[in-house]
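Following: one structure in structure tokens, then a few remarks.
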Amino acid sequence: MTTATETALDQVAALLRTARSAIAFTGAGISVESGIPHFRGEGGLWTKFDPYKVAHIDTFRKDPAQYWTYSLEHRRADAEPNPAHRALVELESRGHLRAVITQNTDGLHQKAGNRQVIELHGSSKSVVCLDCEARFPRAEIDRRNREHCPPSCPSCGGQFLKPTVVLFGEALPEAALREAQVLAMAADVPL
Ligand SMILES: [Zn+2]
């Protein structure tokens, strides 16, 4: 006997088989199995922390050290992709998926092997200086951070080094948003 889930999966598979421009839109849920905490809903980070206190651009500018302390405690830099990430790689490599559009900043879609990934909320893998706009790999700044928190800019000495993630109060990156809109408008199957 087939279950309702199996029937639904068969239907999705049939749709994807004939899709010509399918997209997958993902959020925190896909990375939970990789040990990355989600934000909203039961047990989510935002039920324990007020996002306006720890992840708002205004608070960041007032007190970058608080943001970095929170981020160092909750970031899982060593997280690995899980079977859901790998399934999307498989779909892309077989030509059934045109792109992944994600709200996640963990880079796990790319780590899994997806080539077309649009990051609507930026990436936690790099850091930008709000004074001189220089960008640095996150690992390099994390090293400096262990010596002195908040880290200062290796180029200009500025005190506002921010991961290239979109904080509350910031606009989504324009290019990514445009690209996502074009893909979504053309999509015949959105997952
Ligand atoms: Zn700088």
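The values are calculated or read from the model by the stated rules, or taken from the named source; none is laboratory data. Since we're looking at a predicted model, the values are computed, not measured. Cβ atoms come from the backbone with ideal geometry, glycine included; neighbour counts cover every protein chain shown.
Being farther than 20 Å from R98 by Cβ and either acidic (D, E) or free of Cβ contacts under 8 Å to residues at least 60 places away in the same chain (or both) is the requirement here; does A13 meet it? Give the derivation first.
Numbers: farther than 20 Å from R98 by Cβ: no; either acidic (D, E) or free of Cβ contacts under 8 Å to residues at least 60 places away in the same chain (or both): yes.
Spelling it out, it is not the case that A13 is farther than 20 Å from R98 by Cβ and either acidic (D, E) or free of Cβ contacts under 8 Å to residues at least 60 places away in the same chain (or both).
Can you pull out every residue in region 111-134 that is among the aliphatic types (A, V, I, L, M), within 16 Å of the ligand (Cβ to nearest atom) and within 24 Å of T26 (Cα to Cα)?
Taking region 111-134 and keeping what is among the aliphatic types (A, V, I, L, M), we get 112, 117-118, 120, 127-128, 130, 134.
Those left that are additionally within 16 Å of the ligand (Cβ to nearest atom): 127-128, 130, 134.
V127, the sole residue that qualifies.
Of the conditions (1) surrounded by fewer than 19 Cβ atoms within 10 Å (Cβ to Cβ); (2) out of contact with any strand residue (DSSP E or B) (no Cβ under 9 Å at 6 or more places or on another chain); (3) modelled with pLDDT of 95 or more, A112 satisfies every one except a single condition; which number is it?
So the condition that A112 fails would be (1).
Quick check, is V127 closer than 19 Å to L161 by Cα, in contact (Cβ under 8 Å) with a residue 12 or more places away in the chain and of a type in the set (A, V, I, L, M)? Walk me through it before giving the result.
Values: closer than 19 Å to L161 by Cα: yes; in contact (Cβ under 8 Å) with a residue 12 or more places away in the chain: yes; of a type in the set (A, V, I, L, M): yes.
It is true that V127 is closer than 19 Å to L161 by Cα, in contact (Cβ under 8 Å) with a residue 12 or more places away in the chain and of a type in the set (A, V, I, L, M).
Are any residues in region 48-59 farther than 15 Å from N104 by Cα and in a loop (DSSP other than H, G, I, E, B), and if so, which ones?
Scanning region 48-59 gives F49, D50.
Among the residues of region 1-22 satisfying the criterion of being within 19 Å of G95 (Cβ to Cβ) and of a type in the set (S, T, Y), which is surrounded by the fewest Cβ atoms within 10 Å (Cβ to Cβ)? Lay out the reasoning, then the answer.
Step one: filter region 1-22 for residues within 19 Å of G95 (Cβ to Cβ), giving 12-22.
With the extra rule that they be of a type in the set (S, T, Y), the set shrinks to 18, 21.
Working: T18: 10, S21: 15.
Step by step, filter region 1-22, then rank; the result is T18.
What residue, among those in region 34-58 that are surrounded by fewer than 14 Cβ atoms within 10 Å (Cβ to Cβ) and in contact (Cβ under 8 Å) with a residue 24 or more places away in the chain, is nearest to the chain's Cα centre (by Cα)?
Keep residues of region 34-58 that are surrounded by fewer than 14 Cβ atoms within 10 Å (Cβ to Cβ), which gives 35, 40-43, 47-48, 50, 52-53, 58.
Checking the rest, the ones that are also in contact (Cβ under 8 Å) with a residue 24 or more places away in the chain come to 35, 52, 58.
Values: G35: 14, Y52: 19, D58: 21 Å.
Among those that are surrounded by fewer than 14 Cβ atoms within 10 Å (Cβ to Cβ) and in contact (Cβ under 8 Å) with a residue 24 or more places away in the chain, it is G35.
Residue-wise test of (1) modelled with pLDDT of 95 or more; (2) within 16 Å of the ligand (Cβ to nearest atom).
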position: F136; (1), (2): yes, yes
position: D142; (1), (2): no, no
position: H148; (1), (2): no, yes
position: C156; (1), (2): yes, yes
position: P163; (1), (2): no, yes
position: F168; (1), (2): no, no
position: A175; (1), (2): yes, no
position: E179; (1), (2): yes, no
position: M185; (1), (2): yes, no
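Of all residues in region 66-98, which are small (G, A, S) and under 20 Å from S124 (Cα atoms)? If you could, list the steps in order and put the result at the bottom.
Initial filter on region 66-98 (small (G, A, S)): 71, 77, 79, 84, 87, 93, 95.
Those that are small (G, A, S) and under 20 Å from S124 (Cα atoms): S71, A77, A79.
Take region 16-47 and flag every residue that is modelled with pLDDT under 95, assigned to a helix (DSSP H, G or I), under 29 Å from D188 (Cα atoms) and hydrophobic (A, V, I, L, M, F, W, C).
The answer is L16, A28, V32.
Only one of R61, R86 is out of contact with any helix residue (DSSP H, G or I) (no Cβ under 7 Å at 6 or more places or on another chain), in contact (Cβ under 8 Å) with a residue 24 or more places away in the chain and not hydrophobic (A, V, I, L, M, F, W, C). Can you tell me which? Reasoning before the result, please.
Numbers: R86 fails: out of contact with any helix residue (DSSP H, G or I) (no Cβ under 7 Å at 6 or more places or on another chain).
Answer to the check: R61.
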